[in-house]
Amino acid sequence: MKRTTIAALTFIIAPLVVAQSGGMKGMDMNDVDMKGIDKGASKSQAQSHHGAGTVKSVDLGKGTVTIAHGPVASMSWPAMTMTFKAKDGKILGAAKPGQKITFQFIQQGRDYVVTSVN
């Protein structure tokens, strides 16, 4: 009896919920924070971010530097190791594996680009 009642209620309530929500067509995503996917992406791309960490490797051929960095508050990132593109060859020349550095970077589309190394 309980299963029949639950099944009947499901068939009655489900269409009402879909009708009430407009089938998700009316969902407003303007106020949703997508952490760099929508409106936040353009803000992140224009903003310079600061990090500190240790250079793990430099790939001159790909123009990248891999850094084990601490948390980056402006991006809400925890500490991690990641590969960044380098703005230019000077940055790659200044970064040596094992070296502790502070660095500035920006977001360009899906890439994170180191713009300076100290």
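The values are calculated or read from the model by the stated rules, or taken from the named source; none is laboratory data. What you are looking at is a predicted structure, and each value in this text was computed from that prediction instead of being measured. Backbone-built Cβ (ideal geometry, glycine too); neighbour counts: all protein chains shown. Only protein heavy atoms, including side chains, enter the accessible area calculation; ligands, DNA and RNA are left aside. Shrake-Rupley method; radii C 1.70, N 1.55, O 1.52, S 1.80 Å.
Those strands (runs of 3 or more DSSP E) of segment 56-118 in which 1 or more residues are open to solvent by 20 Å² or more (accessible area, probe 1.4 Å), under 20 Å from ALA46 (Cα atoms) and of a type in the set (Asp, Glu) occupy 111-117.
When the criteria are applied in full, PHE84 fails the requirement of being in contact (Cβ under 8 Å) with a residue 40 or more places away in the chain and of a type in the set (Phe, Trp, Tyr).
Residues in segment 91-115 that are more than 14 Å from ILE67 (Cα to Cα) and in contact (Cβ under 8 Å) with a residue 40 or more places away in the chain: ILE106, GLN107, GLN108, GLY109.
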